[in-house]
Amino acid sequence: ALPIYMSLPINCVRYGYISSPKNMAHALNESHCFINLSYRDAATKTTAQATSCGLPVIFADSGGVHEMVGQYGLGIPDDHELGFEDEVPELDLDQMLESMYNFIESFDVYKTRLRTFDSELAFKNMLDGYFGAIESVLR
């Protein structure tokens, strides 16, 4: 297992929690990509902000982040088992490294796709999907 505060490469910055929207926008606009390793997060606002700022995202593939990021990033396989948990399962280091390598290899593709990213359309499509799922259950 990796220590929670292991050393980062010189070109990576760990910001931690940023409460100010202005500081968040500044941090994102100074970045080249965004890493989100949250577990089963339904929809991280920081990930939505990152893609809106044109940042490709590498993320732990659980929760709703995959649907938010879509073709603008790459997921690291994460636990998809349903059930009660006492702790957050660790990501597999080999899978993390493989995903990171693939992310770096495809980085320019993600950046090109983000040039045509329409955040309002993405938000509308997300809401249509949610309401469609709710409607199908109610029928």
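The values are calculated or read from the model by the stated rules, or taken from the named source; none is laboratory data. Here the structure is a predicted model, which means the values were calculated and not measured. Cβ sites come from the backbone with ideal geometry, for glycine too, and all protein chains shown count toward neighbours. Side chains included, ligands, DNA and RNA excluded: accessible areas come from the protein's heavy atoms. Shrake-Rupley method; radii C 1.70, N 1.55, O 1.52, S 1.80 Å.
Are any residues in the stretch 18-66 more than 24 Å from E105 (Cα to Cα), among the hydroxyl-bearing types (S, T, Y) and modelled with pLDDT of 85 or more, and if so, which ones?
Passing the criteria: S19, S20.
Residues are listed down the side, and each one gets a yes or a no for (1) at pLDDT below 85; (2) under 18 Å from D41 (Cβ atoms); (3) polar (S, T, N, Q); (4) open to solvent by less than 70 Å² (accessible area, probe 1.4 Å):
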{"position": "M68", "(1), (2), (3), (4)": "yes, yes, no, yes"}
{"position": "D78", "(1), (2), (3), (4)": "yes, yes, no, yes"}
{"position": "F84", "(1), (2), (3), (4)": "yes, yes, no, no"}
{"position": "S99", "(1), (2), (3), (4)": "no, yes, yes, yes"}
{"position": "S106", "(1), (2), (3), (4)": "no, no, yes, yes"}
{"position": "T112", "(1), (2), (3), (4)": "no, no, yes, no"}
{"position": "T116", "(1), (2), (3), (4)": "yes, no, yes, no"}
{"position": "K124", "(1), (2), (3), (4)": "yes, no, no, no"}
{"position": "G129", "(1), (2), (3), (4)": "yes, yes, no, yes"}
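Give me a count of the residues in the stretch 25-51 that are open to solvent by 70 Å² or more (accessible area, probe 1.4 Å) and touching a residue at least 40 places away in the same chain (Cβ under 8 Å).
Residues meeting the conditions: 1.
How do the helices (runs of 4 or more DSSP H) wholly within the stretch 33-139 filter down when requiring 1 or more residues that are over 27 Å from S19 (Cβ atoms): which remain? Can you show your working first?
Working: elements: 45-52, 65-69, 93-105, 107-114, 119-138.
Per the criteria, 93-105, 107-114, 119-138.
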